[in-house]
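Some notes on the structure that comes next.
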Amino acid sequence: MAEGANSMWGGRFAGGVDAIMEAINASIGFDCRLFAQDIAGSRAHAAMLARQGIITEEDARAIDEGLTRVQGEIEAGEFPFRAALEDIHMNIEARLREMIGEPAGRLHTARSRNDQVAVDFRLWVREQCDAAIDGLTRLIRAFLAQAEAGADWAMPGFTHLQSAQPVTWGHHMLAYVEMLARDRGRFHDARRRMNECPLGAAALAGTSFPIDRDFTAQALGFDRPTANSLDSVSDRDFALEFLAAASICAMHLSRFAEELVIWSSAQFRFVQLSDAFTTGSSIMPQKKNPDAAELLRAKLGRIMGANVALLVVMKGLALTYSKDMQEDKEQVFDAADNLMLGLAAMEGMVRDMAPQRQALATAAGAGFATATDLADWLVRALGLPFREAHHITGTLVRMAEEAGCDLPDLTLAQMQSVHAGITDDVLGVLGVENSLRSRKSYGGTAPERVREQIARWKEVLA
Ligand code: ARG
C-alpha cells in the first residue's frame, strides 16, 4: 500500500488524500457520538458470523473482548480518535486491529459501512425517541399538577389575544396536556416504524454469505430485519420522522413559552416565574426576565431548521447511499440535544411557576368576557333567535363601554331600554363563576368537566 494511503480502503490508491479532502470527508468529529451503537452493532454481527460458521468462535471471542476494551478506552477518554480514519466505524475497527490483530479484519465480512452506519444511527435515534417520550411524560405530569391545583380558578380565555370568554386555569393547563400527549404518540409511532434492522443489507445488494438477519435484528432489539437492501442503506425516514415529531413538539413548547412571556409581564401578572428560570437586568433593577421561556421559543427555529436541512439533503439522491447522507447526523444531534434541554427546562418552569389566582380572576371578568353568556340567556329565556340576541348584546356592550363600566354594572332599567323583555334573572349569568359552571358540554371548561379530564389523564399516566 502506498505511503499515506488509507489503511482501510487504500488498496487501489497510489497516494494519500489532500488535507482539505480529509477535512471535508472526516465525520469522526461528530459521529464519535455513535460509538456505543457501533460497538453494539459489531458485537451482534460478529456473534452472528460465528453462529453461521462464517468466522470461527475463537475469532468472534477475540473480537468481542477487543470491542469491550475499545469501549472502555472511549468511555475513559483515552481513545486515539484519528481524522485520517474518517469516521467512527473505521476508527473503532483500526483500533481493534491494533489490539487483537488479524481477527479484527474478519469483522467486516458480509457488512459495509453503508448498513453499519444505517444501523448505528437508527439505534441512536431510537434511544432519542425513548428519551423524548420520557421527557414528555415528565412535562405532562407537571402540567397536570398545575391543572389539579387550580382546576376551577377563573382566567380569561383568549382568541386573537382579545378577551373572549372566561375559562378555568385547569382547562388551559389541560390543553397543553393534550398537545404533549399527541407529541408522545408521534414519537411512539416513529419508534415503532423505525424499529427494523438494516444490518445485513451490506453495501446495497445484500451478501453472498449465509448470514442470519433475524438473529442480528433480535440481538439489537429490533422487531425484524428490513426487507429491501437498497432501501435499507438509502433510507433516512427514521431521522426525518424524529425531526418532524421534534419540530411539532418544539412548536408546542414555543407556544407555551410565548404565553409565559406574556403572562409574566407587569401588564398581565398572571404567573410568577421562579428565580431559577429567570434572569435580572444589569441596568434595570426591577426586571425579572423570562429568558428560559424566550430561549425555548427560539429553539423551534433550529429544530425545524434541522428537519428542513435533512429533507433538502435527501431530496435529490438517487438510490442508494451517497456521501451526502453523512450530513444527516449533526442536524439530528443538534435537534435532539436542544429538544431534550427544552423539555427539561419547560418541566422546571411549569413545576415552579406560581399562577396568581386574584389577577387571573380579575382579568377573567374584564373585557365583557361574559357577553356570550348574556346572548345565550336571551336565547334561552326569551326565545330570541341567536343572531338577534347577538345584536342586542352588542348594543349593551357598547352602552357599558360608553358608560365606562362592565356588563354586570348596567342597571336593569338600562338593559330594558335595549330589550324590554330582560328581567333580573339575567344578573345570574353575568358573573364569571356562573359562566364557567355553565360550560359543561363534553370538552368544555366547566370545573366538573376539567376534574373528569384530570382523573382520566392520571389514569392514562398511572
Ligand atoms: N461516515 C459515513 C456516513 O456517515 C459512513 C458510511 C460511509 N460509506 C461509504 N460508502 N463511504 O455516512
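The values are calculated or read from the model by the stated rules, or taken from the named source; none is laboratory data. Computed from a prediction, not measured in an experiment: that's the story for all the values here. Backbone-built Cβ (ideal geometry, glycine too); neighbour counts: all protein chains shown. When the accessible area is computed, the model is the full protein with side chains, heavy atoms only, and any ligands, DNA or RNA have been set aside. Shrake-Rupley method; radii C 1.70, N 1.55, O 1.52, S 1.80 Å.
Odds and ends about this structure:
- For D134, solvent-accessible area (1.4 Å; no DNA, RNA or ligand), Å²: 90
- Highest average first, the peptides 150-159, 355-364 ordered by how many other beta carbon atoms sit within 10 Å of their residues are 150-159, 355-364.
- K323 accessible area, assembled protein chains, probe 1.4 Å, Å²: 80
- Compactness of the chain, expressed as Rg and Dmax over alpha-carbon positions, Å: 30.8, 103
- Partner lysines whose Cα lies under 24 Å from the Cα of K323, excluding those fewer than 8 positions away in the same chain, are identified as K315.
- Per-residue ³J(HN,Hα) for the range 163-170, Karplus 6.51 cos²θ - 1.76 cosθ + 1.60, θ = phi - 60°, Hz, x for Gly and Pro: 3, 10, 9, x, 9, 9, 4, x
- Value of relative contact order over the chain, rounded to a whole percent, pairs C-alpha under 8 Å and six or more apart: 16
- Solvent-accessible ranking of D337, D115, D275, largest area first, probe 1.4 Å: D275, D337, D115
- Note on the range 57-115: Rg/Rh from Cα positions, Kirkwood definition for Rh, rounded to two decimals, is 0.96.
- Take every pair of alpha-carbon atoms less than 8 Å apart whose residues are at least six positions apart; their mean separation over the length of the range 155-311 yields a relative contact order of 19 percent.
- Pair-distance profile P(r), taking every C-alpha pair of the range 6-144, with 10 angstrom steps and integer %: 11, 36, 31, 14, 6, 2, 0
- For the range 281-333, the fraction of alpha-carbon pairs in successive 10 Å shells from zero, as %: 20, 32, 19, 15, 9, 4, 0
- Cα convex hull, the range 123-280: 150 Å³ per residue, rounded to a whole number.
- Summary value for the range 191-259: 34 percent relative contact order, contacts being C-alpha pairs under 8 angstrom separated by 6+ residues.
- Distances between placed amide hydrogens fall under 5 Å for Q272 paired with A354, Q356, all partners being 5 or more residues away or on another chain.
- Ordered by 1.4 Å accessible area with all protein chains kept, T279, T109 run largest first as T279, T109.
- Mean accessible surface per residue for the chain, computed with a 1.4 Å probe while every protein chain stays in place, in Å²: 47
- Sequence-distant lysines (8 or more away, or on other chains) whose Cα lies within less than 22 Å of K440: K458
- Ranked by solvent-accessible area (1.4 Å probe, protein heavy atoms only, all chains present), the residues R380, R113, R141 order from largest to smallest as R380, R141, R113.
- 26 Å Cα-Cα reach of K288 towards lysines, excluding residues that sit fewer than 8 places from it in its own chain: K299
- Accessible carbon and sulfur surface of the chain relative to its total accessible area, %, 1.4 Å: 52
- A quarter of the convex hull surface defined by the alpha-carbon atoms of the range 323-462 gives 14.8 nm² as the mean projection.
- Highest-first arrangement of 167-178, 283-294, where packing means the average Cβ count within 10 Å: 167-178, 283-294
- Annotation: amide H-H contacts under 5 Å for D152 (H modelled 1.01 Å from N, sequence separation of 5 or more, or interchain): G170.
- Taking trypsin sites (Lys or Arg not before Pro) across the range 47-98, none is in a DSSP loop with at most 11 further Cβ atoms lying within 10 angstrom of its Cβ.
- Accessible surface of W124 - all protein chains present, 1.4 Å probe, nearest 10 Å²: 10
- Kirkwood hydrodynamic radius of the range 335-378, Cα pairs, Å: 13.8
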